[in-house]
1. So if I check each of 272, 220, which one is over 26 Å from residue 160 (Cα atoms), within 23 Å of the chain's Cα centre (by Cα) and surrounded by fewer than 16 Cβ atoms within 10 Å (Cβ to Cβ)?
2. In the list 85, 75, which residue meets the criterion of being in the same structural domain as residue 41 (by TED's automatic domain parsing) and either more than 22 Å from the chain's Cα centre (by Cα) or surrounded by fewer than 18 Cβ atoms within 10 Å (Cβ to Cβ) (or both)?
3. Considering every residue within segment 192-199, establish whether at least one is modelled with pLDDT under 95 and either crowded, with 20+ Cβ neighbours inside 10 Å or under 30 Å from residue 71 (Cβ atoms) (or both).
4. Could you list, in sequence order, the residues of segment 113-127 that are out of contact with any strand residue (DSSP E or B) (no Cβ under 7 Å at 6 or more places or on another chain), crowded, with 17+ Cβ neighbours inside 10 Å and more than 15 Å from residue 81 (Cα to Cα)?
5. Can you name the residue in segment 128-143 that is out of contact with any strand residue (DSSP E or B) (no Cβ under 6 Å at 6 or more places or on another chain) and assigned to a loop (DSSP other than H, G, I, E, B) and is also nearest to residue 161 (Cα to Cα) among such residues?
6. Identify all residues within segment 166-180 that are surrounded by fewer than 21 Cβ atoms within 10 Å (Cβ to Cβ) and more than 10 Å from residue 250 (Cα to Cα); write none if there are none.
7. I'd like the residue in segment 209-227 that is at pLDDT 95 or above and part of a loop (DSSP other than H, G, I, E, B) and, out of all such residues, is nearest to residue 270 (Cα to Cα).
8. Given the criterion touching a strand residue (DSSP E or B) at 6+ places or on another chain (Cβ under 8 Å), exposed (fewer than 15 other Cβ atoms within 10 Å of the Cβ) and outside any strand (DSSP E or B), identify the matching residue among 24, 50.
């Protein structure tokens, strides 16, 4: 029995603009994705007698019918006619339902990991088709880009510079339903996005880091506004929300003093705090 270990990164939406609602129920977006050095670990054991999927997390296992890892695994096997069985173990560090893309990243990592194991080209169009069918963020995690502009539903990708920065993430101990956020956004007409230059970091853009969900989410969860105020007090150059939340992050262009990190951990004991950097 041979085993393989793969790292599955989190992402931030540095920018998230909702342009229009589509006839298929999805929304057209303009977003800037950034992979960060916060990882889940995925172990795949090959040549087992039966299939098993285990999650090591504070929330236990996720039902198979709702599990993107399982869906990615089954679609890969069907597409590439793989009969072999595997044991998959996912060690979670990325908080679930936090707007950091953990589930989408896990699904993409399964696709890339199995492609590596079976000698399939990582740029095989079939992998992209599977990724797109699993969710809007999965193609980004499948892609080689560490940062990208996403359009369409997020699956139309263009490389974007990965500007060096430190990110302080505060992940409250609750989830925000993505479905609820889109249903309550109140988008009535199509709009033109604010486009971001590749010459300077997006937080230096005159309008800063736009997230169209921020006002809605902060109104329903005023605690998140308190997080934003605290991060600004610590001197970060920008604060925003990742995805539909609830993770609030601050951007620092210089390495953050350790005492600031420790102070925030003491202040927000009910939240998970991470100090991370962009992948390069």
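1. Values: 272 fails: surrounded by fewer than 16 Cβ atoms within 10 Å (Cβ to Cβ).
Exactly one residue qualifies, and that residue is 220.
2. Numbers: 75 fails: either more than 22 Å from the chain's Cα centre (by Cα) or surrounded by fewer than 18 Cβ atoms within 10 Å (Cβ to Cβ) (or both).
From the options 85, 75, the qualifying one is 85.
3. No, segment 192-199 contains no residue that is modelled with pLDDT under 95 and either crowded, with 20+ Cβ neighbours inside 10 Å or under 30 Å from residue 71 (Cβ atoms) (or both).
4. none
5. Of segment 128-143, the ones out of contact with any strand residue (DSSP E or B) (no Cβ under 6 Å at 6 or more places or on another chain) are 128-139, 141-142.
Narrowing the set further to residues that are assigned to a loop (DSSP other than H, G, I, E, B) leaves 135-137.
Values: 135: 24, 136: 21, 137: 18 Å.
Residue satisfying both the conditions and the ranking: 137.
6. The initial filter retains those residues of segment 166-180 that are surrounded by fewer than 21 Cβ atoms within 10 Å (Cβ to Cβ), namely 166, 172-175, 177-180.
Passing the criteria: 172, 173, 174, 175, 177, 178, 179, 180.
7. Selected residue: 213.
8. On the way: 24 fails: touching a strand residue (DSSP E or B) at 6+ places or on another chain (Cβ under 8 Å).
Being touching a strand residue (DSSP E or B) at 6+ places or on another chain (Cβ under 8 Å), exposed (fewer than 15 other Cβ atoms within 10 Å of the Cβ) and outside any strand (DSSP E or B) holds for just one of 24, 50, which is 50.
The values are calculated or read from the model by the stated rules, or taken from the named source; none is laboratory data. Computed from a predicted model, the values in this text were never measured in an experiment. As a convention, Cβ positions derive from the backbone with ideal geometry for all residues, glycine included, and neighbour counts pool all protein chains shown.
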